[in-house]
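Down below is the structure, laid out as structure tokens.
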Amino acid sequence: MHLGFNLRGAWAIYTTELMRAFRTFFQSIFAPVLTTSLYFIVFGAAIGSRMSEVGGVSYGAFIIPGLLLLTLLGETTSNASFGIYMPRFTGTIYELLSAPVGVAETLIGFVGAAATKSLILAAIILVTASFFVDYQIAHPFYAVGFVLLVAAAFALFGFLLGIWADGFEKLQIVPMLILQPLTFLGGTFYSIDMLPDPWRQVALANPIVYLVNGLRWTFTGRSDVNIWMSFGLTLGFLIACVVAIALIFRTGWRLRD
């Protein structure tokens, strides 16, 4: 049992993981920004200029929160899962487990680095979006807070995914086959108020709807769902991931096998 907090250990893990993103700049930063820019060009500038306003804002400004979240969820989850999976794959996880670092230092290192990479990516995407779409952020303080909350929650989720996965292909199952489709169906390109019943009720069962609308409210001041439910569900998801990770480190599941 490690007593106290090992700041140097947490910082070492954090900087190592963060530098890995810059060593793979084209894959980690350039590719997601380029893909999101294409969405802005096609949907925001080209199609959006021929569509009427949605909820009092231009269509291009309306889809920015959804596109930002689409990139944020996928990249945060993938970065965190790959970060912890590689030590397991190479066997260096045993060096980490025997080092004088606890669960807190490990999470701050791996999860903090994944969240930081996603925040850098989000900032670049917002700057890039300004070249294609005219938008404003109605509640900048809440926007920063919500993005931080989402990045931390899905970095923790990715950390869990990296512990669960026993092969490289499983690392992509959740981001590609679950998160991405749910985000597209979660109101990224449309308001769920446009959907007729019972499809609107079906959409409300999609948890990503609450994330998209939470971020959209911080940008446009409007939402299809209760804002506090969006913040509450995201915070609850974060806490659940922390508890699950603490149990995994206590039992050694998938870490000492």
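Values quoted throughout were computed directly from the atomic coordinates according to the rules given, and no laboratory measurement underlies them. For clarity, every value in this text was computed on a predicted model and none was experimentally measured. Heads up, the Cβs are rebuilt from the backbone with ideal geometry, glycines too, and the neighbour counts pull from every protein chain shown.
Odds and ends about this structure:
- Here the contact order of the range 7-251, divided by its residue count and restricted to Cα pairs under 8 Å and six or more residues apart, works out to 27 percent.
- Computed from label points 7 Å out along Cα-Cβ, the spacing between Ala104 and Ile41 is 4.8 nm.
- Around the Cα centre of the chain, unit charges on the Cβ atoms of Lys, Arg, Asp and Glu (plus for the first two, minus for the last two) sum to a dipole of about 340 debye.
- A Förster radius of 30 Å, combined with the Cβ-Cβ distance separating Trp228 from Trp11, puts the computed FRET efficiency at roughly 0.30.
- With the largest listed first and rounded to whole Å, the semi-axes of the equivalent ellipsoid of the range 174-257 from the Cα gyration tensor are 31, 15, 11.
- Cα Rg over Rh - the chain, Kirkwood: 1.00
- Cα gyration tensor, the range 38-135 - rounded (a/c under 1.5), prolate or oblate: prolate
- Of Ser223, Gly60, Thr92, farthest towards positive along the dipole that unit charges on Lys, Arg, Asp, Glu beta carbons give the chain: Thr92
- Counting every pair of alpha carbons in the range 95-215, the share spaced more than 19 Å apart comes to 62 percent.
- Residue with peak Gaussian network fluctuation, the chain [Cα springs, cutoff 10 Å], from Arg20, Arg50, Arg88: Arg50
- The chain: most fluctuating residue of Ser118, Ser223, Ser130 per GNM, C-alpha cutoff 10 Å: Ser130
- Helix-derived mean residue ellipticity, 222 nm - over the chain, DSSP H n ≥ 4, -39500 (n - 2.57), to 500: -22000 deg cm²/dmol
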